[in-house]
Amino acid sequence: MNSIKDKKQVLFIDRDGTMVREPLDEQVDAFEKIDFYPKVLTYLGKIAAELDYELVMVTNQDGLGTASLPEETFWPVHEFILKVFESEGVVFDKVCIDRTFPNENAPTRKPGTALLTEYFSTAYDMENSFVIGDRLTDMELAKNLGAKGIFINDHTHLGTGEITVKREELDSFIALESNDWEKIYSFLKLKGRSAQIYRKTNETDIQIQLNLDGTGKSEISTGLAFFDHMLDQLARHGHMDLKIKVDGDLEVDEHHTIEDTAIALGEVFRQALGDKMGIERYGFCLPMDDCLAQVAIDFGGRNWLVWEAEFKREMIGQIPTEMFYHFFKSFTDGAKANLNIKAEGTNEHHKIEAIFKAFAKSIKMAVKRDVEKMVLPSTKGML
């Protein structure tokens, strides 16, 4: 049995509307109709040279060989397109062309998978493969393959093809929506950084899902409204997707819920960061009305907290102010990170909210990666 590491990953790439722009008549059957998609030659070339994907072209050419799309006009143009990409180092391992006519529901026609049955084997890692295309049928193909979709949606063609499911049913399969091939290259090279954790003790039951490269979506439920509000700041201002569900012994007090959530949150960050290749590592400063909060973070593999923030109130919401120090200390323990936090101001609510917002911004800054500088930010050779 092949291990996950040994399995091959595939990019199934549509041709018309993805590699070359699709004309109004939806037929690229003449040389004067060839209009390469912006940046596709450069960045598909970089994908082929730098990333370890098999490249498979999958294209519907309805009626190929009929009067509407004669063989003698199609093949010279198609071969020319392939040769241009070959000149940039892009060689397709396989080219799959469906010529269905007039049956648009044929199993060989996207989103059908009949032309791609060889990829349903233990040799291939479909979960980490992608379909790149400009129609929702391409995204449905991704769903049918067990892959993810990269949706090139620039609305320049006439519709979205025949599709059997609604767009919202495909959203969970669309990993990226962009018509910029440079962004597609960056997305594929950097790969997503997601992790989840389930932590259960006699005192708490915690589930956390984290996507460091998300858009700021959150679903937070800890049983403590103000704590939920603070954790929501991490997602929104850190541009990460975060789901947290906590069932804690609040009938005792809030201590275990806050402490265990922080430990688990730190651990899920450590998992999501992986080898930390290319991250920036460091901190942020943020004003909020009367307050100024400074948070510096280093995901360097060692836990430490410097805390310079005093509160004049015992409680903010349902949380004793003494627990804020404990939250950040527990996070550093789980994440193996250094945190240096300072805050000043007169409004206690503003003060802790400014800290959490600066914390979110410091994380966003620290986990940012440069696709052109994928090196480990350490002289030690490890973090």
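Scanning region 298-314 for residues that are of a type in the set (A, V, I, L, M, F, W, C) and in a loop (DSSP other than H, G, I, E, B) yields a count of 3.
Would you call Glu22 assigned to a loop (DSSP other than H, G, I, E, B) and either among the hydroxyl-bearing types (Ser, Thr, Tyr) or at positive phi (or both)? Answer is no for this residue.
The single condition from (1) over 31 Å from the mean Cα position of the chain (by Cα); (2) surrounded by fewer than 19 Cβ atoms within 10 Å (Cβ to Cβ) that Phe74 fails is (2). Of all residues in region 341-368, those satisfying the criterion of being under 26 Å from Gln196 (Cα atoms) and either surrounded by fewer than 17 Cβ atoms within 10 Å (Cβ to Cβ) or of a type in the set (A, V, I, L, M, F, W, C) (or both) are Ile355, Phe356, Ala358, Phe359, Ala360, Ile363, Met365, Ala366, Val367, Lys368. Annotation: Lys7 fulfils all but one of (1) buried (at least 16 other Cβ atoms within 10 Å of the Cβ); (2) modelled with pLDDT of 95 or more; the unmet one is (2). State whether the residues of region 11-20 include one that is farther than 23 Å from Leu145 by Cα and under 32 Å from the mean Cα position of the chain (by Cα). The answer is yes; a qualifying residue exists. Annotation: of all residues in region 53-80 being part of a strand (DSSP E or B) and polar (S, T, N, Q), the one that is modelled with the highest pLDDT is Thr59.
The values are calculated or read from the model by the stated rules, or taken from the named source; none is laboratory data. Since we're looking at a predicted model, the values are computed, not measured. Backbone-built Cβ (ideal geometry, glycine too); neighbour counts: all protein chains shown.
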